[in-house]
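First comes the structure, then the notes that go with it.
The values are calculated or read from the model by the stated rules, or taken from the named source; none is laboratory data. Please read these numbers as outputs of a predicted model, since none were measured by experiment. Glycine also receives a Cβ, built like all others from the backbone with ideal geometry; neighbour counts cover every protein chain displayed. For accessibility, only protein heavy atoms count, side chains too; no ligands or nucleic acids. Shrake-Rupley method; radii C 1.70, N 1.55, O 1.52, S 1.80 Å.
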Amino acid sequence: MTSIPVKEIVGINAISMNSGKKIKELIIKEWDRSEQIILDFSDVNVFASPFFNASIGALLKDKDIKQLQEKLDFQGISEHGKRLLNLVISNAIKFYSDKESKTDLGLDEVRKDI
Amino acid sequence: MARQNYNVFLPPIRDDVSGYNYLSKLAASIFEAPDNFYTFDFSRCSTISHNGLVVIGGLCNFLKQYETSSSMLKGLGLPSFFAKRKVGFNIDSINPRLMEKLKALGFWNFVNPDHGFIGSSDYIGYREHNTVLEDSEIVSHLQDNWLTDEKLSISELLKSEIVSSIYEIFVNAYGHGLKENPNNQSVISCGHYDPKEKQLSLSVLDFGGGIVNSVQRHVPIPHKEEAFNWALEIGNSTRTDSAPDIPRGLGFGILKEFISLNRGVLRVCSDSYMATVHDSGNYVTTKVDGCFFGTLVSITVNCDNKHYRLMSEANEKIPSYF
């Protein structure tokens, strides 16, 4: 079992995509090593969707929700944070299962821009 | 074509439909003729709300940046001396109360410091932000300077939900504001707290080309109003703010939910459209008389701790994965 102290890594605000990417990288690093990964959100005050999109939502590109539920444990997270987390997961499941529909239209264009 | 001088006689500008209509017309006129010089005349103006200040300040910012970048393009290599003359203010017959308000909101700090400057940084008011989003700077500023116990009395839970929602507005502004930003323009914000009504209002503006343009570049929706409405739906995004394989598109949905639970008001203006959310919790889209060539998001939030529910208390069903 591994515990990731979110506040120590991103500070008291879990809001930005960059912060989310840091957490995602740590989760991926621990994924095969640990039976369970605890994400400890104690003392994290503010949450926003870009953070969860880049940390948890992005994991659903290669993993399914059942795997996430078995592996991840969210501790010390506020009700608001949990609601955002569930909203992001719901959107991410749709996003990654929607590869043939309009969500992907123009993706090549966007890649060119980047 | 010769440059001309124009006087812009500002009317009273409120956070209502007529205010947004006027601002959209003003923005369209100036965007169509950016080579001219403009003097904003306050003699007929008794009040200007946060939405008016971001648009007027944003237009001043646009004109100055336009002058600078167009002279650079012409190969002069130096900022044009015309840039200083691009924008003027006639404040001789300004209503003294309005003048005090503009000073207190820090409007002149950024737009013309000669007319008044406030030294402290903890005011709730007008700001021009860097062209790169400083996440923690904005959040710390909101928490430590805006939503302090001395200024307004709200629970920690509501405070964090307000900060989170405002952050989503800034992410949205920088998402498309930065992508289409040839003149290196700032994102502009203006906040205002009404202690009598216990309402906090905020407008955030970017002149990044607007929602319709952004949607139509990436999704085949030819009808402008449909393209505008598409962007407001939860899960829809043009993915202009980062890597294309990360899910997103929740900002406006989260804002809408927060505002309807809070019984506040949310307006999203872009191109020639304005979507408004009141108590019903649904967007109502109307056409405005002009065009914003960018995106203006305005919210009014109740801070009285009693007339609303928190997002964490919402009944709406989101699957509970964790």
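Being within 16 Å of the chain's Cα centre (by Cα) and surrounded by 19 or more Cβ atoms within 10 Å (Cβ to Cβ) is a property that holds for residue B:105.
Give the residues of segment B:13-46 that are under 18 Å from the mean Cα position of the chain (by Cα), in contact (Cβ under 8 Å) with a residue 24 or more places away in the chain and not in a helix (DSSP H, G or I), sorted by residue number. If the condition is that a residue be under 18 Å from the mean Cα position of the chain (by Cα), in contact (Cβ under 8 Å) with a residue 24 or more places away in the chain and not in a helix (DSSP H, G or I), then B:13, B:14, B:15 are the ones that fit. Count of segment B:15-27 residues, restricted to those that are open to solvent by less than 10 Å² (accessible area, probe 1.4 Å) and not aromatic (Phe, Trp, Tyr), is 4.
Against the numbered list (1) in contact with a helix residue (DSSP H, G or I) (Cβ under 9 Å, 6 or more places away or on another chain); (2) more than 14 Å from residue B:164 (Cβ to Cβ); (3) open to solvent by less than 30 Å² (accessible area, probe 1.4 Å), residue A:22 comes up short only at (3).
For every residue, the table says whether it meets (1) buried (at least 18 other Cβ atoms within 10 Å of the Cβ); (2) within 8 Å of chain B (Cβ to nearest Cβ).
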{"residue": "A:29", "(1), (2)": "no, no"}
{"residue": "A:34", "(1), (2)": "no, no"}
{"residue": "A:37", "(1), (2)": "yes, no"}
{"residue": "A:55", "(1), (2)": "yes, no"}
{"residue": "A:59", "(1), (2)": "yes, no"}
{"residue": "A:66", "(1), (2)": "no, no"}
{"residue": "A:79", "(1), (2)": "no, yes"}
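Cβ-Cβ distances below 8 Å connect the following pairs, each with a first residue in segment B:208-231 that is within 20 Å of residue B:174 (Cα to Cα), a second residue that is of a type in the set (Ser, Thr, Tyr) and open to solvent by less than 10 Å² (accessible area, probe 1.4 Å), and a separation of six or more residues or different chains: B:208/B:295; B:210/B:270; B:210/B:295; B:211/B:270; B:211/B:295; B:212/B:270; B:228/B:270.
Among the residues of segment A:35-44, is there at least one that is assigned to a helix (DSSP H, G or I), at pLDDT 95 or above and in contact with a strand residue (DSSP E or B) (Cβ under 9 Å, 6 or more places away or on another chain)?
Scanning segment A:35-44 turns up no residue that is assigned to a helix (DSSP H, G or I), at pLDDT 95 or above and in contact with a strand residue (DSSP E or B) (Cβ under 9 Å, 6 or more places away or on another chain).
The residues of segment B:119-151 that are surrounded by fewer than 16 Cβ atoms within 10 Å (Cβ to Cβ) and under 20 Å from residue B:61 (Cα atoms), listed by number, are B:130, B:131, B:132, B:134.
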